[in-house]
């Protein structure tokens, strides 16, 4: 089922102007990269449409978190934006988009990651499974939500260095996606 991502964003971001601007600029950059990858990999138009929509909505839950530098003044830690977005998208009737929201953080979060890091998240696997989920998670890593860097694509080494803070296994996952989507 197709949706209009901007109408959903407008529904939840009314009165959250800075957060809306950050969300849209970041998500449009992610969507452009993800759709280009999907086209390069000869994915059908319907899949590319889904990737565009889900990319635009992947961070929809961020307004419910506390991240004042990007205009978010909710009561949850920022790490929660994925599952909060999942819940919003399920409520809107878009369960596949919801999975993208929940599974895009880093290269995904395992139950062990959640336990070992004491993350305030539901105890369930939050790793990208489908090819569209992986493409969106991969594309997301290249774009910051820092208001001074919105829309500026980071280079591959910068992305890998940021992921390394979460363990070498996360870099390996990212490198495998890079091989599959770009080099392969």
Report Rg (one decimal) and Dmax (nearest whole number) for the range 100-158, counting Cα atoms only, units Å. 13.0, 34
For the range 81-180, just the Cα set please: Rg and Dmax, both in angstrom. 13.7, 38
Along the three principal axes, how long is the range 1-71 when you take its alpha carbons, biggest first, rounded to the nearest angstrom? 40, 23, 15
Under 14 Å from a point 7 Å along the Cα-to-Cβ line of residue 7: which residues of the range 82-124 have their amide N that close? 92-94
What is the mean projected area of the alpha carbon convex hull for the range 1-127, to one decimal in square nanometres? 7.8 nm²
I'm checking a number: the convex hull volume of the Cα atoms of the range 38-101, normalised per residue, in Å³. What is it? 89 Å³
Which peptide among 149-156, 100-107, 24-31 comes first, and what is the full order, when sorted by highest mean count of other Cβ atoms within 10 Å? 100-107, 24-31, 149-156
What full-extension length gain, to one decimal in nm, is calculated for residue 116 and residue 75 as 0.36 nm per residue of separation minus the Cα-Cα distance? 12.5 nm
Sum -39500 (n - 2.57) across every DSSP H segment of at least 4 residues in the chain, then divide by the residue count to get the 222 nm mean residue ellipticity, nearest 500. -17000 deg cm²/dmol
Assertion target for 182, 70, ordered by fewest C-beta neighbours within 10 angstrom first, is 182, 70
Distance between the range 20-70 and the range 78-116 - C-alpha centres, whole angstrom: 14 Å
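A short reminder: the numbers here are calculations on the coordinates, not readings from a lab. None of these values were measured; they are calculated from a predicted model. Neighbour counts are summed over all protein chains in view; Cβ atoms, including those assigned to glycine, are modelled from backbone coordinates with ideal geometry.
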